[in-house]
Amino acid sequence: MKITFASGKGGTGKTLFSTSLAWRLRATGRSVAYVDADVEAPNGNLFLKAELGEAERFTVPVPKLTTETCAGTECSACQDACAFHAILPLPSSVMVFPELCHSCGACVTACPYDVLVEVPRELGSIFRGVSEGGIPVVIGEVDVGEARSTPLVEGVVEEEIDADVIIVDSPPGTSCAAMAAVRQSDHVILVTEPTPFGLHDLRLAVEMCRAFGKSPWVVINRSDLGDDGSLEAYLEQEHLPLLVALPFDRELAGAYAYGHLAVRGSVKLRRGTDAIIEALGL
Amino acid sequence: MSKRILISAMEKEGSLDQPMDPRFGRAHCFLIVEGDTLTWLDNNARSASHGAGVEAVSTVGKNKIDAVISGEFGPKAHGGLKGISVAHYVAPEGITVREALDSLERGDLKAME
């Protein structure tokens, strides 16, 4: 079973809930793994504290000429095939912009002289380890300066992991990277907060989930701060099940800031994770 | 034979006394000047989410331009223009199209290396 914690707005509590749930499931004897798919800023391991092995470099294919020269601007078949402006014909060769390349391979297929091949380009790393407490973790980390993190998100969520329950900590937002984390899941849990930004971005996240045929569940974090009722009204109107409403807790926030797994000390958070476990039928 | 010069501009079919568009890849439009002949082009690249500079370089190549004038060239545009061996010159923001063309003629504009 794959469960993804996503959100619209960032900073709502995906990592809090995903690491807490993983911990709680492990503590009750289940076989669970944690995947940090927030590859631009993975932070789950601050809490799970797994000793990570060596970085496995993750690559994506980009085009390269097999010859010194080619027909260049006389031909332009590669450029015509490319939807991403990633390849530019020069007078007698091509210039590739690998950071724009989406690795679709269209240019390689389109080249009438068969002089383009795909070569690997490093995008980031995948780290593995086991947490204190025995939770296998898989962490994706994209290289600084990379514009496209989606392929690495796909890479980590598709990793083979030996566990009954896989918890995926998604990137925030509703861009391609978040979609990649959500689309392969069995369950999606959206973490939100009762603020206008929270609600605005939740609507987008719900739309994203439904576009992939997922019916998300909702968790409200900091539930006692700021709401005027519009969040609850929206959930009711859209028939979105609310699993947990966790009030703001300064002590919990403090523990989190120190990298502690707050669920070990917070009764309310533990009840929250148990409610999620029950909803999942685990 | 006159050089074909491309300059980024703000208003298609407008006066030459309009301000030069300081952007290249995301310029509103382009003006091609060859002697007394003026040709206006839309810049289709300007709303591309990525690779606007690359597509603008393509436009330069396809129109057989000898020199480009703009306010600034991003790294992909710069790399691309170097790749197709087209000299590109930086003119100060606020300058009009006419003034920029005159400056180029007098040799007052600096080419990007």
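The values are calculated or read from the model by the stated rules, or taken from the named source; none is laboratory data. Computed from a predicted structure; not experimentally measured. Because the Cβ atoms are built from the backbone with ideal geometry, glycine has one as well, and the counts that use them run over all protein chains shown.
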- Message: Looking at A:Thr69, A:Thr59 in this structure, which one is more than 14 Å from chain B (Cβ to nearest Cβ) and of a type in the set (S, T, N, Q)?
- Response: A:Thr59
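From the set of residues in the range B:47-77 that are free of Cβ contacts under 8 Å to residues at least 60 places away in the same chain and more than 21 Å from A:Ser76 (Cβ to Cβ), which is farthest from the other protein chains (Cβ to nearest Cβ)?
B:Glu72
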- Task: Kindly establish whether B:Gly83 is over 17 Å from A:Leu100 (Cβ atoms) and modelled with pLDDT under 95.
- Result: no
- Task: Name the one entry in A:Glu146, A:Glu132 that is under 30 Å from B:Asn44 (Cα atoms), part of a loop (DSSP other than H, G, I, E, B), acidic (Asp, Glu) and modelled with pLDDT under 95.
- Result: A:Glu146
- Item | Single residue of the range B:1-14 satisfying the filter (in contact (Cβ under 8 Å) with a residue 24 or more places away in the chain and small (Gly, Ala, Ser)) that is nearest to B:His88 (Cα to Cα) | B:Ser8
- Item | Qualifying position, being within 11 Å of chain B (Cβ to nearest Cβ), crowded, with 18+ Cβ neighbours inside 10 Å and touching a helix residue (DSSP H, G or I) at 6+ places or on another chain (Cβ under 8 Å), among A:Ile126, A:Ile87, A:Ile135 | A:Ile87
- Note on the structure: The condition of being surrounded by 23 or more Cβ atoms within 10 Å (Cβ to Cβ), at pLDDT below 95 and among the charged types (D, E, K, R) holds, among B:Lys76, B:Lys64, only for B:Lys76
- Note on the structure: Here, helices (runs of 4 or more DSSP H) confined to the range A:182-282 with at least 3 residues that are closer than 18 Å to A:Tyr34 by Cα are A:267-279
- Item | So A:Val219, is it more than 20 Å from the chain's Cα centre (by Cα), crowded, with 20+ Cβ neighbours inside 10 Å and more than 30 Å from A:His102 (Cβ to Cβ) | no
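Select, from A:Ser7, A:Ser76, A:Ser20, the only residue that is more than 30 Å from A:Thr195 (Cβ to Cβ) and among the small types (Gly, Ala, Ser).
Unique residue meeting the criteria: A:Ser76.
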- Message: With the structure loaded, tell me whether B:Ser2 is farther than 20 Å from A:Gln79 by Cα, touching an Asp or Glu at 6+ places or on another chain (Cβ under 8 Å) and of a type in the set (Ser, Thr, Tyr) or whether it fails that test.
- Response: yes
- The number of residues in the range B:78-113 that are more than 14 Å from every other protein chain (Cβ to nearest Cβ) and out of contact with any Pro (no Cβ under 8 Å at 6 or more places or on another chain) is 22
- Restricted to the range A:22-38 and to residues being more than 15 Å from A:Gly124 (Cα to Cα) and part of a loop (DSSP other than H, G, I, E, B), the residue nearest to the chain's Cα centre (by Cα) is A:Ser31
